[in-house]
Amino acid sequence: MSSLQPVRGTRDLIGEDQRRYRHVTETARHVSGLYGFEEWQTPIFEDTGVFSRTLGETSDVVTKEMYTFTDRGGDSVTLRPEGTAAVCRALVSNGLTQSLPLKVFYAGPMFRYERPQKGRYRQFHQIGIELIGPAEPLADAEVIACGWQILTALGIADSVTLEINTLGDAESRAAYRAALVEYFTRFAADLSADSKQRLEKNPLRILDSKDEGDRKIVADAPTIAAHLTPLAAGFYDSVRNSLTALGIPFVENPRIVRGLDYYNHTAFEFVTTQLGAQGTVMGGGRYDGLVKQMGGPETPAVGWAAGIERLAMLIAEPKTDAAPIAVIPAGDDAEAAAFGIVQRLRAGGIRADIGYKGNLRRRMERANKAGARAAIILGSEEAARGVAQLKDLVSGTQSEVSLDALLEAVRALPSGSPA
Ligand code: ATP
Ligand code: MG
């Protein structure tokens, strides 16, 4: 049998990759907590309808990216391609639509059948927040501010640009749709096959096309600005004013429509030039119609999702854990006592390890290689006297310490890691 490889578009997270992943997730969890977002976990698969009925029948995700299969009971289920629809489903199924507002944070794997490349995988991971209930533009600003603070805490605020747009309300959208149909119909013959379909079903979606030919036509397409109702224009003004008041820099990009159909009013993306074509690190907006589509009452909401892999590529290498203490028995009859010491250190909250094999010299070498802060060397004669040698691997000094005082002595080591 040939050796087994991970499935195309999936990755193992080991060593630095996992440290980066964890740092992004923990930072987002912490910062979103400061804003009152509470973590939810929803299943990683749902009835297919949760996604197919809400993300938009012409969206890339629904037309070609979903991992959908029939399970052994004959039900069609889908590995979740995104989190928002699942959170709204959970809101309705758990009867929480009367307990608003709710602030939800989530983190976990998502699945899309895409062409794998740097920053684009088939199993990828997202962090996301949803603020469910408030219809006020201030909520949009708060959600963006939380994203901005996470990017700042990750040290990458300087590498990203916030781009915002409005998709208007239903009335603005209908007027804009008519203008787009009028415009794109003139170029219908030159549009990609996908976009010809979109022209019939959802012309707005053409603005999001990645096809080169489509993009040239899109460049001169009308923008929504002229079609906004006073209400929608006012909403957009408020969002921009709030961002300015909060000191969050942004640029307007009238081409942002987002990949999924459920958005209205605010749409935004944090983009970077450092990841090639995979430049969007965080994207979101308002989705006032989604909860109702899911079978709940009319419920305004706004949120975003960010790709953990893309964020992980932008951040500086996170710090490793504190250097361990190496416990080294010198001679076989000191093994048991050494194991007692390593357990006491761990119980005392100290990261400690014991080597299983080799003579004293070999074990010292391994302790140095592991970046140990200090070594505790225990001979059988010393064990009998209730003492051990504590060797500071940074300063090189060594002293005899009574076993009862070891935990204290280790805690008293000046912090610092060996060269
Ligand atoms: P893109 O335009 O890059 O395909 P998208 O609009 O499909 O992104 P969203 O559905 O808005 O992405 O998901 C939010 C974020 O999740 C993206 O901004 C990106 O950081 C991340 N993301 C989306 N798809 C993938 C993927 N296949 N692999 C890695 N990260 C992804
Ligand atoms: Mg996509």
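The values are calculated or read from the model by the stated rules, or taken from the named source; none is laboratory data. On a predicted model such as this, the values are computed, not experimentally measured, just so you know. So basically every Cβ, Gly included, is an ideal-geometry build from the backbone, and we count neighbours across all protein chains shown.
When the residues of the range 271-318 are filtered to those that are within 16 Å of ligand 2 (Cβ to nearest atom), in a loop (DSSP other than H, G, I, E, B) and of a type in the set (A, V, I, L, M, F, W, C), the one that is surrounded by the fewest Cβ atoms within 10 Å (Cβ to Cβ) is ALA277.
GLY247 satisfies every condition listed in (1) closer than 30 Å to GLN98 by Cβ; (2) at pLDDT 95 or above; (3) surrounded by fewer than 16 Cβ atoms within 10 Å (Cβ to Cβ) except (1).
Kindly indicate whether ARG258 is on the phi > 0 side of the Ramachandran plot, among the charged types (D, E, K, R) and within 16 Å of ligand 2 (Cβ to nearest atom).
On the way: on the phi > 0 side of the Ramachandran plot: yes; among the charged types (D, E, K, R): yes; within 16 Å of ligand 2 (Cβ to nearest atom): yes.
Taking the combined requirement at face value, the residue satisfies it.
For first residues located in the range 242-270 and assigned to a loop (DSSP other than H, G, I, E, B), partners that are among the hydroxyl-bearing types (Ser, Thr, Tyr) and crowded, with 22+ Cβ neighbours inside 10 Å and lie 6+ apart or on another chain with Cβ distances below 7 Å form the pairs GLY259/SER59; LEU260/SER59; ASP261/SER59; TYR262/THR54; TYR262/TYR287; TYR263/TYR287.
For the condition in contact with a Ser or Thr (Cβ under 8 Å, 6 or more places away or on another chain) and away from ligand 1 (no atom under 16 Å from the Cβ), ASP237 does not qualify.
Within the range 200-211, restricting attention to residues that are more than 16 Å from ARG186 (Cβ to Cβ), under 29 Å from the mean Cα position of the chain (by Cα) and in a helix (DSSP H, G or I), which residue is nearest to ligand 2 (Cβ to nearest atom)? Top of the filtered list is ASP208. Against the test of being small (Gly, Ala, Ser), more than 14 Å from ligand 1 (Cβ to nearest atom) and crowded, with 20+ Cβ neighbours inside 10 Å, the options SER59, SER76, SER3, SER32 yield a single qualifying residue, SER32.
Residues in the range 226-241 that are assigned to a helix (DSSP H, G or I), among the aliphatic types (A, V, I, L, M) and over 32 Å from the mean Cα position of the chain (by Cα): ALA226, LEU231.
Checked against (1) touching a residue at least 24 places away in the same chain (Cβ under 8 Å); (2) in contact with a Gly (Cβ under 9 Å, 6 or more places away or on another chain), ARG115 passes all but a single condition, namely (1). Looking across the range 95-149, the residues that are among the charged types (D, E, K, R), assigned to a loop (DSSP other than H, G, I, E, B) and either more than 12 Å from ligand 1 (Cβ to nearest atom) or at pLDDT below 95 (or both) come down to LYS118, GLU136.
Counting only strands (runs of 3 or more DSSP E) wholly contained in the range 1-88, the ones carrying 1 or more residues that are at pLDDT 95 or above and of a type in the set (A, V, I, L, M) occupy 76-79. State yes or no: is ASN202 in contact with a Gly (Cβ under 8 Å, 6 or more places away or on another chain), at pLDDT below 95 and closer than 22 Å to ASP140 by Cα? Answer is no for this residue. Here THR27 does not qualify as among the hydroxyl-bearing types (Ser, Thr, Tyr), touching a residue at least 24 places away in the same chain (Cβ under 8 Å) and either more than 26 Å from ILE150 (Cβ to Cβ) or exposed (fewer than 13 other Cβ atoms within 10 Å of the Cβ) (or both).
For the range 237-251, what are the residues that are within 26 Å of ASP60 (Cβ to Cβ) and touching a helix residue (DSSP H, G or I) at 6+ places or on another chain (Cβ under 8 Å)? Full working, then the answer.
Within the range 237-251, the first condition is being within 26 Å of ASP60 (Cβ to Cβ), and the residues that meet it are 250-251.
The answer is PHE250, and nothing else.
Only one entry of GLY36, GLY74, GLY108, GLY83 meets the criterion of being small (Gly, Ala, Ser), under 27 Å from LYS210 (Cα atoms) and away from ligand 2 (no atom under 16 Å from the Cβ), and that entry is GLY108. Cβ separations smaller than 7 Å between residues 6+ apart or across chains give the following pairs from the range 146-166 residues that are more than 16 Å from LEU246 (Cα to Cα) and in contact (Cβ under 8 Å) with a residue 12 or more places away in the chain to residues that are among the hydroxyl-bearing types (Ser, Thr, Tyr) and in a helix (DSSP H, G or I): ALA153/THR27; LEU154/THR27; THR166/TYR236.
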